[in-house]
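Where a number appears in this text, it was derived from the coordinates with a stated rule and is not lab data. Nothing here was measured: the structure is a model prediction, and the numbers come from that model. All Cβ positions, even for glycine, are placed from backbone atoms using ideal geometry, and neighbour counts span all protein chains on display.
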Amino acid sequence: MRKFLVVLDSTQECLNAMRFAAMRASHTGGGVEVLSIIPPEEFNHWVGVAEIMREEARERIHAHFEVFAKWMRDRQGVDPELVIREGEAVDQIIAQINEDTEIGVLVLGAGTDKGGPGPLVTQLTKSAGSLPIPVTIVPGDLSKERLEAIT
């Protein structure tokens, strides 16, 4: 089964990327893999404190994921899977793509502020020519209705 890989983070544009991935998966018989990345700088503490912080980060990710997963299951009939990795975001995204051969499309949400589309879109589009899969960039300000129409 072809899976749409989408990155779960705290950005506003993440919402449209999630919606797009779920709708496309639903309409094409695919799946959704949600990747959340814990940055390495969160754990520059003593070992015991770092382990507690790591576990708290994982709990926050699971809670955030469940909100999207419930919507995907209830509204789109798609049961997403969650993958949590630790490290630099771009490196972990590329590693996940290389490790999971069922991933067919990377879906990213583009930011709408004056700072540009966001660091993931900026960094990954630079290397898009060498990625083994296509990248879909979803504008962060697309309405739900427009997303439904194009998926």
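At a glance:
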read-out	value
Net dipole in debye of region 1-114 [+1 Lys, Arg Cβ; -1 Asp, Glu Cβ; about Cα centre; nearest 20]	620
Amide H contacts under 5 Å for Gly140, placed H, 5+ residues apart	Ala110
Selection of trypsin sites (Lys or Arg not before Pro), region 46-149, meeting DSSP coil and at most 11 other Cβ within 10 Å	Lys114
Of Gly118, Gly129, Gly30, the one that fluctuates the most in a GNM where the chain has Cα springs shorter than 10 Å	Gly129
Reachable lysines, given that their alpha-carbon falls under 22 Å from the alpha-carbon of Lys144 and they are not under 8 places away in the same chain	Lys3, Lys70
Gap separating the Cα centres of region 90-151 and region 1-39, nearest whole Å	9
